[in-house]
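The values are calculated or read from the model by the stated rules, or taken from the named source; none is laboratory data. The shown structure was predicted, so the numbers you read here are calculated from the model rather than taken from an experiment. Cβ: placed from backbone, ideal geometry, glycine included. Neighbour counts: every protein chain shown.
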C-alpha cells in the first residue's frame, strides 16, 4: 500500500501566500458587490457587461427567455451549463473524488462531442462571414454542441483537479 505524504504549500514550494489569497478573495467580493449593487442597471445588463469579455453576445446567436436575451450566447450557455450540471451529477453520485480518466471508448465519445462543437463553430463562423458552409446554424444546435462540450469538460477536468 502506497501512502502519500502531503506537504503544505507555501510560497517557497509553489503555493500562494495567505496574504495574496486574501487579497484575491477581497477583490472578488468587491467585484461581486459592485455587480449586485451598482445603480442604474438591471441584473441582466450587468451580467451582459460582465460576460462581454468572454462572449461575443451576438443577438442572432443568443437564446431568449420571456422576450429577454440571455447574457451568454447559446454555445457558451451550453458549455457552462453542461459543465456545472456534470459536476453536480458527479458529486451527487459520489464520484467527486475521481482521479482517473475514463476508459478509451468513453474518451473517444467525449472527444466526438468536442469535435462536434468545433465543426459547428467553424460552420457558424463561415455563415457569419458569408462564405460557403455545410449547413445553416441554429441556436438549439449551438446549445447542444455546447452542452456536449461542457459535459466532456466536466468529465476530463475533475480527475485532473483531483490528481
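How do the pairs read when you match residues in segment 144-163 that are on the phi > 0 side of the Ramachandran plot and buried (at least 21 other Cβ atoms within 10 Å of the Cβ) with residues anywhere that are assigned to a helix (DSSP H, G or I) and at pLDDT 95 or above, using Cβ under 7 Å and keeping only pairs 6 or more apart or on different chains? Short answer, once both residue conditions are applied: none.
Looking at segment 126-142, is at least one residue under 30 Å from residue 32 (Cβ atoms) and modelled with pLDDT of 90 or more? Scanning segment 126-142 turns up at least one residue that is under 30 Å from residue 32 (Cβ atoms) and modelled with pLDDT of 90 or more. Where helices (runs of 4 or more DSSP H) sit wholly within segment 1-113, those with at least 3 residues that are modelled with pLDDT of 80 or more occupy 18-37, 74-92. Of the residues making up segment 122-143, those that are surrounded by 12 or more Cβ atoms within 10 Å (Cβ to Cβ), part of a loop (DSSP other than H, G, I, E, B) and touching a helix residue (DSSP H, G or I) at 6+ places or on another chain (Cβ under 6 Å) are 133, 137.
Scanning segment 94-112 for residues that are under 19 Å from residue 163 (Cβ atoms) and loosely packed, with under 10 Cβ neighbours inside 10 Å turns up 94, 100, 103, 104. Number of residues in segment 20-40 that are on the phi > 0 side of the Ramachandran plot and surrounded by 11 or more Cβ atoms within 10 Å (Cβ to Cβ): the value is 0.
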